[in-house]
Every structure is written in C-alpha cells, then in structure tokens.
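Since the structure comes first, as structure tokens, the remarks are kept for the end.
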Amino acid sequence: MTERAAAEDVAPPAGLSLRRAAWLADDVLIAACTPSGAGSSEENPSASAARLEGRLVDAPEGDAASPAAAIVVARAPRAALDLDLDGHGLVLSAGGARCRASAGEARAALTDLTTFVREHLAGRDAGARARLMAALTSFAAGHGLSPSLARGLHALREALRERHAVSVGVEGAERTLEVERLHRFGGSELYVRGRLFEGSAALRRLTAVSPEGERIELLGRDRLALAPRAGRPQEFACHFEAEAPTRLADGWVLEAENATGRSVETVAALSPQDEAAARRAVVEDAAAEGVFGEAVRSGPALSALTRLQELRRDCVHVVAEETHGAVPPRPDVSVIVPLYERIDLVEHQLAQFARDPELAECELLYVLDSPELAEHLGDYARELARLYELPFRTATLSDNGGVALARNLGASLAAGRLLLFLDSDVLPGRPGWIGALRRALDADAPAGAAGPLLRYEDEAVQHAGLTFERTAGSGEWSLVHRLKGMHAELPAVREGRAVPGLSGACMMVDAALYAGLGGMSWRYVQGDFEDADFSLRLAKDRRTCLYVPEVSLYHLEAQSYPPAARAANRRYNRWLFTRLWEEALEERAVRPS
Amino acid sequence: MSRRRVLFVSHNHPKVRPGGAEGYAHELHLALRDSDEWEPTFLAKSGPPLSRSGRPHEGTYVTPVDGAEAEYFLYADGFDYDWLFGSMRHDKSLYTRHLRRFLEALRPDVVHFQHTLFIGYDAIREVRRTLPGVPIVYTLHEFLPICRAKGQMVRTMDGELCDEESPRRCHECFPEYSPQTFFLRKRFIQAQFGLVDLFVAPSAMLRDRYVAWGVPEERILLEDYGRRLPAAPPPDDERVGPRDRLGFFGQLNPYKGIDVLLEAMRRQAPDGGAQATLRVHGANLDLQEHGFRDRVEAMLAETRDRVIVAGEYAPDQVAPLMAAVDWVVVPSVWWENSPLVIQEAFAHGRPVICSDVGGMAEKVADRVNGLHFRVGDPASLAETIGRAVGTPGLWERLRAGIPRPHAMGDHVAVLAAAYERLLAGASRRTAS
C-alpha cells in the first residue's frame, strides 16, 4: 500500500526539538516537536542515538512566541528504543525536518498517551483534530494496523472527535438514529442497516466512523439505499468499504446531520458473527417490500451479496477425499450427489443403487457440504460401503458452499464423460435409469442437458421440466414446474420434449460442456434458481434442455432448510435471476423457439 | 450324505420371553433336529429390550444358549436400533463383522429368517453378501414391514382396522414422521426384501396384504404353522346341560380384545336364559397402560359371578385347561395372522368364537367349526355367545366340523421341499 499524503500540504519546519513523546502503539511513537529556539537544549544526541524515519501528520500554524508543535509519528521498535532513548537519545526525521533529543531530553519528554493528548492535541480546533485523525488513519493504511495501533488510534479518536447528541430512542423524538445491524466481511467491507428520523429537514450527512478513527461518508453512494422521507423513521441500508484497515470490534459510530445543521450520533454494534450470518442478514433485508426494498436489492444487497458469494466461492475447496472400494477408473457417467445435513439419505440411495448393475459402472461421488459432519460421514460411509459392496467416493468441502459450489467442485473431481447431478433426496424407481437418460441425451444432438420425470411419494408430478413466467405483481420472472401435482401417468406428463429449463435435482450434462460454461452460478444464495440459470446459459449456447419422461425417479424434497430462511433466499434469488435474465426471457416470450 | 444346514434367525428365544412366533420358531427348529437330512441351528436375538442382561463375553456377539450345541444368542449391545426403519443406525458392523463371522463359521446351506425385529433388515443383505449362493427364506408373522404401529395395521387415532398403507395414511397415524419418511421406510425395507428368495405366509390374508404391498406373488408360499399337537382331539366328556363354558387364552392387552369380551360378559341378559361363564387364562395385565388396566379390572369386578381369572399358563399345560371349557373365544381387535390359540383350540376339540376379520375369519369357518362376531363389538359378541350357549346341538355340529390340525411333521416336509427347490435353483444358477 502506498503512503498517502497528509490531508494538507505540510511544510516541514527547520530544526526541531522534542517536546513530548508517547507510545501510540507497541511499535509506533507519536512525538510533538517545536522549532529549536529558546528553551531548547544545546545537548546533542550521541552518535549511537536511535534514528527513526517518521511522518509529519500535522504542522499547525502558531506564532513565533508560542509555536504549536508539529506532530510526527514513526514506527519504532519499542523494546530496543527504551534502552536507546535512555542511553543515547533520539533523532527523528520526517520529510525534510529533523527533531533531535539527547538522552536526557528524550527521557524527560516520554510520557503516557493521555498526557500527550491533553498537552498537544486536545486543544486544537475541530477541523485540526479531524485532519489529524485522517492523517493518522492514512498512516495506519500505509504501515499496517497492528492490534495495539488499533487500540491507540481508538483512544485518540475518543479523545479528539467531535461529539454529537447521542440518539435517544424516545417515542416521538425528533432526532433519532438507530443502527439495527452492522456486519464486517472480507477484511474491511461493511454492511449497515438502520433507520433515522430527522423531522422536517432533509439529511445532509450520514457518516460512519471506524473505531480507529476513519470517517466514511455514506450519503451519495450508489450502494446506499435510503427510504423516502415520509414523516416516520427512514430506513437505510448501505454496503461500504473502509479505506484504511479496521480491526477493532467495538467502537463503530454512526453520525447523521440534517439540513438545519443539527447532528446526532449512535453506537453501531459490530456483529460478532461470521460471514454466513452477514449473508442471512443481507438476504433478510433484501426481502423488504416497496420502493425501499427495490433500492436495497439493486444497491447494497446486490453488491454485498455478490461480494459475500464471491468470498465464499474463493474460499470453499475440497479438504478431504475418500474412496470406498474400486471405483471404475474410466467411467462414462459420474453421478454427483451434494449432501447437506441429511447424510442418512446416503444409505437409502445405496439400498436402491445396489440392485442396479449400471451403478457399478458409474463413478458415484458424494460431496459433503456440511463439513461439521465429516467425521460422522466418514465412519458411516465406510460401514455402508462394506455392507452394500457398491464402490463410491466422498469429498468433503472446507465450508458450507451451497449446492452450486458443491456441484461445481464435484464436477472438478469427476472423471466421467457425462455428469449426472443428483440431489440426495432423489430415489430411483426401477434400475436402468442412467442408461436410458444417457441414450436420450446422446441421441439428441442439440441437447445440452437431459432430465427425467420426478415424482413425489404419492405419484404426483414434482418435476416435468421448468418453464419461466412473469409474476403479475412484481414483474419478476419465476420458475413454474410444469404439470406439478398431476398424476405421473397423465399423457401430457409422458410426452418427452425440449423444455425451457431442467431441475438440478436430476440433470445429466456433458462434462466438457459443463466446464466450458463455467458450471453453475455461484451468485444465488444457498440453492435455488442456479439450475434455471444454467438452463438459460445452455440456451444462450444454442443447446436445448431435454425432458425424458420414460425415465422416472422419486424426489422427496426433504426439508433441509428451515422455511423462513428459504423464503428470504428465494425472494432475493428470484430478483437476481430476473435482473440477470430479464432481457433474454422477454425475447424468448416474443419469439418462442 | 451329510445333512444340510439350515440357520433359523429369530428376534427372541422363548426361554428368554415366551411368545407365539418365537415359540413356534423354536418348535420348528426342534422338529427339524429330528430329521435325517437337515441340521438346524437357531440364532435368537437376546439382550435389551426383551432381556435385561447383555452379552457375556468380550470380543464376540454370539454365545450358545445355556450350553446347547445348536442354539445361539445374538447380542447387539452398543448398537443403536432404529425402530422406524428396522435397522442399526450408522454402525453396521453388527452385520458386516459379527454376523458375518458367525455365518462364515457356520456355513449354513439355507438361511431362514423368522424375524428381523431388533436385529435389522440389513441382516438379510449381510447373509447375501457373505453367503452369495445360499437361499434366503423369510416367514411373515404380522405386518411389521408394512406397518409401524406394532405391525397390526390398526390406526393409532381411533383403533379402526387399516387395510391399505400409504405414505399419507401412515403419516396420519404418526404425525411426527413425514409421508416422505414413510416412503423412505418402505423403499428401504423392500430393497432388503428384494434379496429374499422365498417368503412364507401362514395365512392367505397375510399373503394377500404383502402382495398388495409389493412382494411378488410367486415369491410367497402359503403355509400355515405346523404344531406338535394331538392328531385327534380327546374324546369328549358327556355333559348334561348347555355348553356354556367359555375360555380365553392369551395376553390381557388391548389388541387381544379382552375388554371386548369382558364387556360382552357384562351385557349378558340376567333373565332366565342361558348364562355363559368365562375362564380367563393369561397374563401381563400389569404391563398395560392405566386406562385399559382400570377398565378391565372394573369389568372383572362387575362380572365376578361368572368370570374367573385363572392366571398364566405354560404352553404344555394347555390340555386340561382346554378340556375345562367348551368354547375358546378369540376376540382380537387386530387382523391376526394365524392365531396359534385357534390351532390349539381345534386340536382339543373346542369350537372357536372369534372376530370376523383377518386371519381369524380365515382359519375359523363361520357356522362350520366356530362362530364369527363383529370385530370390536361387545353387543355382537354377547349375542353370539347367547346363540352359542342357547342353541341345542350347535356345539356338537361345530365340533364335528373342526379340521385336523396342521401337524409339524407335514409342515417340516413342506418347508424341506421348498428348501430343496431353492437349493436346486441356486445350484443351477451357479453352474450356468
């Protein structure tokens, strides 16, 4: 990171004497130096004085009679320096200026941070104090933020910042600012959600202040969603980045100022939870209704969730693999089954696979997307492999990545010419289903993917291909499962055809084609719409989706996700899907192929 | 020629806890021991839940039954039996290691499962895996593979008889399990059953139920339990007066219908007409839940003048007890399969009054060798009892219509022939 210049051009004064110094952090010294003149010692530091390169962070104007001190910060190895300062003195250089202190002067100048602040910083005007904090923040950006520097900056911030009226949560209070949640992820990215009530005046400023003192203006960003002012609390949500590193959990403050100049501030408690919690929180906010909801979705939610999904994509990887039995080395078909929580379903699938000779020729790969169950699955898989004598592989992911990532990572491990994605709650009906699906896919040249009829346990259709439909109210595009609920034997159900989309619960696709298209999209949260998205990408590549009803399996749609979370995920996913594919879908509607 | 070995697998040994299916299974084992061609071994699950004591020796999960050469206990200490699926959860080494070692040591030529309760359906798969050419036979005693509710197909919410399972209906009986879970259960059990070469059903009713559920018809043999019972009933004592002595033989629990019978006794008209008396032989009233127990005890108190509780009985003591009654009443409120008590009653020349459903109605022909009454209906039973007691010559006519019991010797012959056919088929397959 390159060093940034201080907020204002600072003209380095000539020779300086050390007035005061304190440890801002374990390895950062802050010093106040005044021009050498009356009162300065004639003593020189010894030849073996400690020599530090620092940075001028403030050089205020003062009169010749009482010159105000220039403030320099420098990285200094404290342990070594304590000795040197005592013994040999100090030479501190910053820009063109040089500040000298003999051993005695240095000893006398060294004090605690509180005293330093009181003597040299606290008396400055508000603007000077703010500039000073900004310069210190940029220093931290350049030099790295250790835990002790973070604490030191926080102490300075608290001593120096302009306090505003603290927001009170009183009914009808004219000035209210409330932070509902604040999440940090990806190092220094933040997401805040809250509300404010500024009475009759418009909002002029909405500022986030990091614990280390960086001030970040939120108003005016395109990743801020602000509800229209309408005489009641104004909701807001924002995805923003701190330019300087931030490390402390406690100390975030939000300030708001309205057009009349009145300000209010409130504590913003940083959530201690992980990225998964951040994701859930943003998804929940993205489900908000009305104009505000739309602003959240297209602004902070889209950017924060995209970033969170990206972070997950980059971080999730295969941590462990195990092979049980002799998996065919050059299989034509690799069956890839993502597992989330319900590992008992493996046993049920194996009980059915065991009676199907075709399965023994496939590569069967279970991808565990619940890493906390890794040990449990390992033992269980070994037992099942022995009992059922059907070879299979297991791969464990480092974190819960969602079904798209699980399928993609499974595909990256698979050796088959064809990939057959299978959800864990899908049970075959009769043996021979894989061969039938493969023949259908291989026989149909333009087909990019093939999927069977999926039934519920009571013979109702669960899936006979997907179509896309615009919902009347929101105008968003949604998936419709063709003929869902009808009896599986209905003639219309039994008609094989190209369909606009296929469910990922059972989908066969050429492995090279899948890799070429980049696999399934990681953008959707948890698992939803990624199969529809993939179907449309196939269409864009001039490939069709083939519905093969002579092959039929049972899809039990076991409830892995709690319903409330599912609904919020779906809301966002549907919106995202619409945003990504609206144009293409409208074109299709106008010119159906 | 050396004798072929057949292994019987049971969920319990009658020495540990007496019971119908296990008692029959053990009798079959003893009968086969006398044959020249077959050398049987009996493997019975012991330990919890039916027995308090667990496995006695480290490093093995089998041990001989009280020193007997051809009878073993199988233990499952430390394994977690899933009552819903009928399988050991997670750790399958009971089958893949311990049962496997036993099978390899014994090397049976035929494996005949009497029950897999408390052991798990996976045992079938392990037998096929360890002894690939060996035929697997499985006797069906009730509806446990079909029905979670004690295998009786009686609905949990209202006690109504159920004649059709479906994921939805099973979920109605057990709301804590989703329809999808019941679908998984059925597919799981059927997957293991797919490895069975021959099922034995003691009643046509049971066979038909399993065929409807999905077992291929050609794979079920209809063959009733064989018994070591007297071939002909004892000659009857001359009695003056009506045949008015009823007998109940069985557990005093709700599904055997003792409360229906007692209520019928309570309703007997006190007018000068024929009055029946009842001797109740059975036990385990103390094990039932409060409401039922209190009701039964209240009815026993009310009918003290004509109902006697004769207490428990051992299976070999049944002859004099049967002789002391004229009619045996089987008022079960579930379908029943082939109640052993009916065979015992017939063997002792006692016509049977029973519910008009399931295996009871199949084994007792109404007005030929017994009388039917409407299942669960005390008024109907009271009326039937009145008819039984008050119709001159009826008892004699029904007694004359009693069929000969199915002798154990004949039963063994049928099973042995089945084993032979399976072995011949298996060796043909191996040869080709």
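Enumerate the calculated ³J(HN,Hα) couplings along segment B:84-97 in order (Karplus 6.51 cos²θ - 1.76 cosθ + 1.60, θ = phi - 60°), each rounded to whole Hz, writing x wherever the residue is Gly or Pro.
Values, residue by residue: 6, 8, x, 7, 7, 6, 6, 9, 9, 5, 4, 8, 6, 10 Hz.
For A:SER478, B:SER87, which order do you get if you count the other beta carbons within 10 Å of each Cβ and list the fewest first?
A:SER478, B:SER87
Relative to the longest principal axis of the C-alpha atoms of chain B, give the angle of the C-alpha long axis of helix B:408-431, reported between 0 and 90° and rounded to the nearest 10°.
20
So which of B:LYS92/B:LYS186; B:LYS150/B:LYS186; B:LYS45/B:LYS363; B:LYS186/B:LYS363; B:LYS186/B:LYS256; B:LYS15/B:LYS92 end up more than 23 Å apart, counting from Cα to Cα?
Cα-Cα > 23 Å for B:LYS45/B:LYS363; B:LYS186/B:LYS363; B:LYS186/B:LYS256; B:LYS15/B:LYS92; rest within.
Using the Cα centre as the reference, give the magnitude of the dipole from point charges on the C-beta atoms of the protein assembly as shown (Lys, Arg: +1; Asp, Glu: -1; all else neutral), rounded to the nearest 20 debye.
My answer is approximately 900 debye.
Under the 0.36 nm per residue contour assumption, what length would be gained going from the current alpha-carbon distance of A:GLU469 and A:THR114 to full extension?
Full extension from A:GLU469 to A:THR114 adds 121.3 nm.
Using Cα atoms only, what is the angle between the long axis of helix B:290-302 and the major principal axis of chain B, expressed in degrees (0 to 90) to the nearest 10?
Orientation of helix B:290-302: about 30 degrees from the principal axis.
Measuring from label point to label point, each 7 Å out along Cα→Cβ, what is the A:HIS481 to A:ALA326 span in nm?
4.1
Just to confirm my numbers, what's the Cα centroid distance between segment A:372-404 and segment B:209-231 in Å?
41
Let me have the 222 nm mean residue ellipticity of the protein assembly as shown computed from DSSP H runs of 4+ only, each contributing -39500 (n - 2.57), with the sum over all residues rounded to the nearest 500.
-10000 deg cm²/dmol
Tell me the net charge near A:LEU418. Cut-off is 10 Å between Cβ atoms, A:LEU418 excluded, with +1 for each Lys or Arg and -1 for each Asp or Glu.
-1
Relative contact order for chain A using alpha-carbon pairs under 8 Å, separation at least 6, rounded to a whole percent?
Computed over chain A, the figure is 10 percent.
Give me the distance between the Cα centres of segment B:63-119 and segment A:307-332, rounded to whole Å.
Centre-to-centre distance over Cα atoms comes out at 37 Å.
Report ³J(HN,Hα) in whole Hz for each residue of segment A:461-472, in order, from the Karplus equation J = 6.51 cos²θ - 1.76 cosθ + 1.60 where θ = phi - 60°; Gly and Pro get x.
5, 9, 8, 9, x, 10, 10, 10, 9, 7, 7, 4
For B:ASP236, put the label point 7 Å out on the Cα→Cβ axis and report which residues of segment B:343-384 keep their amide N under 11 Å from it.
Hits in segment B:343-384 for B:ASP236 at 11 Å: B:349-351.
Under 5 Å between amide H atoms, partner at least 5 residues away or on a different chain: which partners does B:LEU278 have, H built in plane at 1.01 Å?
It is B:LEU246, B:VAL307, B:ILE308, by chain and number.
Could you line up B:TYR210, B:TYR313 from fewest to most neighbouring Cβ atoms inside 10 Å?
So the ranking, lowest neighbour count to highest, is B:TYR313, B:TYR210.
Which residues does the label zone of B:ALA105 cover in segment B:59-90, counting backbone N under 20 Å from a point 7 Å along Cα→Cβ?
The answer is B:59-79.
Determine, for A:CYS238, B:CYS162, the number of other Cβ atoms within 10 Å of each Cβ, and report the residues in order from fewest to most.
By the 10 Å Cβ count, ascending, the order reads B:CYS162, A:CYS238.
Using only alpha carbon pairs under 8 Å that are at least six residues apart, calculate the relative contact order of segment B:245-400 and give it in whole percent.
27
State, to one decimal in nm, how far the label point of B:ALA323 lies from the label point of A:ARG163, with both points 7 Å from Cα in the Cβ direction.
10.6
Run the quick spin-label model on B:GLU164 and B:GLU37: label points 7 Å from Cα toward the beta carbon, then report their separation in nm to one decimal.
Computed distance between label sites B:GLU164 and B:GLU37 equals 4.3 nm.
None of the figures in this text is laboratory data; all of them are computed from the coordinates on show. Keep in mind that what you see is a predicted model, and the values were worked out from it rather than measured. Cβ: placed from backbone, ideal geometry, glycine included. Neighbour counts: every protein chain shown.
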